[in-house]
Amino acid sequence: MSGILMMIIALVVLGGAYLLYGRYLQKKWGIDPNAKTPAYELEDGVDYVPADTNVVFGHQFASIAGAGPINGPIQAAMFGWVPVLLWILIGGVFFGAVQDFAAMYASVKNKGRTIGYIIEEYIGKLGKKLFLLFCWLFCILVIAAFADVVAGTFNGFAVDEAGLVTSNIFANGAVATTSMLFIVEAVALGFLLKYTKMNKWINTAIAIIMLVAAVAIGMNCPIYLSRGTWHLIIFAYIIVACVVPVWALLQPRDYLNSYLLIFMIVGAIIGVFVANPSCNLNAFNGFTVNGQYLFPILFVTIACGAVSGFHSLVSSGTASKQIKNEKAMLPVSYGAMLMESMLAVIALIAVASFAEGQAAEQGLVTQPQIFAGAIANFLSVTGLPHELVFTLINLAVSAFALTSLDSVARIGRISFQEFFIDDDTDMDNLNPFVKLMTNKYFATIITLFLAYLLAKVGYAEIWPLFGSANQLLSVLALVACAVFLKKTKRQGCMLWIPMAFMMAVTFTALSMTIIKLSKAFMTTGLTLGTTLQLIFAILLLILGVIVAIQGVKKLFEKNEAKAEA
């Protein structure tokens, strides 16, 4: 199969899904364009801030994408292009996009509250407590994994086997400079958007000018720092990003990045149609490859490109608090997920364009490098400089991961705080312990400290556990949303098959991970990294099973339906 044919299939399936299935869900669940959304009802200037649809879409898309839709399909390509493409399209349309839409819908209908509060309201307080603990542990995993990805992307030095620096890496240095400029420009744009109230087209033009200027400066003034130094800088940045008002950094940064990411996707699509790369992958390599089983490995490896529990945290944790009108929920949630599935298809086409061993011969080792190298190869056919395109794609990938860090750190902090608060908690008379635990600065520091320790283990060690935990989180989100839809007399049967299938996938994957780590302990002993992974895996599995059982019981009990939200 050629790259063009694969792209056409994806465009038709995903575009048709938005127009048909997305609108079907919107009609079944009901959208009230005249309803006062939580962004207005609870506006506080920090988390609840009304924003235009394009701004919230930029936040949602940039936050949920991360490195997942690029890394996952490239890693899963070992099974062949057919199972990867099928799961991206089927999972994206009927699993991931449905989950994202349902999570945002349930949140907006419940005062912009997180999935944790949805669970408390419709399943029970114990379920909420366990879910928030699960979310907090999961967020630590995500922060650690993505922080290491970004630090690797910014690392300015190539080293030999002895660890000695052999040369500077220009592309990484340029990406680092541009990304740091993005942060400064985002703050400036945030104040501009808040206090000038200019036409959105003027805002768009300013954002694009800022984007081009940052790229130009980055290409001419690269920063060369080590991976370890970037770890420290990135975590220092996340501490600030986690506590400042969303309008001051989160919204404008995502707004800027969304243009870069959309340009990247459009450029990649053009590159595929111009270059028409051949597919050098086998259609199917069997149910077992290199000791890895297609079930469940394929479904936890291709996370964000098909279905990701992390998306439900963004949909209900930050984006739902910025929705101006309920009509915006369909494009912001369902639409953003389908665009991410398109990115996953592009990643599959990218890795398929290389013959066996060809990427390594070109010095492309990591998944982001393989992706960037392939897109640069495609677009160089049009006459664009290969090095420029390669640098820009690397920049876009780092923007994905860094933006996800902004959001997940805030969600982790909020999950930690909410764990100690119930609906009936008197916020004006908290005891000293609860007051400390719910302090946003303390919650931020303890979350990021544990994530920093885990990040030192390395991305490659964290990713397998992240994938399993991420998909288990999708199970819990689907259960919570299904219960919400039932209790409010809305049709939710479209969530049941995804929920049951992902239960089988995640419980199997986490059990396999625990067995593998336990065997490592029996043979070679546990290192700090494997010890942390084993502890996290056991805790996540126990918490996930308990919350899932509680939710399923609520889903099938025959009690009175709750009044419509």
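Just to confirm a number: summing +1 for Lys and Arg and -1 for Asp and Glu over residues other than residue 291 whose beta-carbon lies under 14 angstrom from that of residue 291, what do you get?
Net charge around residue 291: +2.
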For residue 31, project a label point 7 Å along Cα to C-beta. Then give me every residue of the range 78-105 with its amide nitrogen under 18 Å of that point. 93-94, 97-105
Between residue 522 and residue 204, 0.36 nm times their residue separation minus their Cα-Cα distance comes to what? 108.7 nm
Please list, short to long, the whole-number percent of alpha-carbon pairs of the range 112-192 in consecutive 5 angstrom bins beginning at zero. 3, 12, 11, 11, 12, 12, 12, 10, 8, 5, 3, 1
Going by C-beta contacts inside 10 Å, put 524, 318, 229 in order with the fewest on the left. 524, 229, 318
Straight-line reach check, residue 487, cutoff 12 Å on alpha carbons, 8 or more apart in-chain or any other chain, hits among aspartates and glutamates -> 121, 557, 560, 564
Place a label point 7 angstrom from the Cα of residue 42 along the Cα-to-Cβ direction, then list the residues of the range 415-445 whose backbone nitrogen is under 17 Å away. 415-428, 438-440
Expressed as a whole number of Å, what is the distance separating the alpha-carbon centroids of the range 224-239 and the range 343-390? 27 Å
Could you grab the relative contact order for the chain? Cα pairs under 8 Å, six or more apart, rounded to a whole percent. 30 percent
Would you mind computing, in nm to one decimal, how far apart the modelled labels at residue 288 and residue 445 are, each placed 7 Å from Cα along Cα→Cβ? 5.2 nm
Tell me, in nm to one decimal, what length is gained between residue 381 and residue 217 on full extension, where the rule is 0.36 nm per residue of separation less the Cα-Cα distance? 56.5 nm
Between residue 365 and residue 549, with labels modelled 7 Å along Cα→Cβ, what's the label distance in nm to one decimal, could you check? 4.5 nm
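For the range 64-134, what's the relative contact order in percent, using C-alpha pairs closer than 8 Å and at least 6 residues apart?
Once normalised by length, the contact order is 14 percent.
With the cut-off at 32 Å, tell me which of the pairs 456/486; 321/516; 125/489; 36/486; 128/327; 489/516 have Cα atoms farther apart than that. Walk me through the intermediate numbers first.
Working: 456/486 44 Å; 321/516 41 Å; 125/489 22 Å; 36/486 23 Å; 128/327 28 Å; 489/516 44 Å.
Long pairs (Cα-Cα over 32 Å): 456/486; 321/516; 489/516.
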In whole Hz, the Karplus estimates of ³J(HN,Hα) for the range 250-262 (6.51, -1.76, 1.60; θ = phi - 60°; x where Gly or Pro) are 4, 4, x, 5, 5, 4, 4, 5, 4, 5, 4, 5, 5
When only C-alpha pairs under 8 Å and at least 6 residues apart count, what is the relative contact order of the range 143-236, in percent? 45 percent
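Calculate how large, on average over all directions, the projected area of the Cα convex hull of the range 17-70 is; give the answer in nm² to one decimal.
Working: hull surface 21.9 nm².
Average of the hull's projected areas for the range 17-70 equals 5.5 nm².
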Under the classification rounded if a/c is under 1.5, otherwise prolate if a/b is larger than b/c and oblate if not, where does the range 148-275 fall, given a ≥ b ≥ c as square roots of the Cα gyration tensor eigenvalues? oblate
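Values in this text are rule-based calculations from the coordinates and carry no lab data. Just so it is clear, the model here is predicted, and its values are computed rather than measured. Note that each Cβ is placed from the backbone with ideal geometry, even for glycine, and that neighbours are counted across all protein chains shown.
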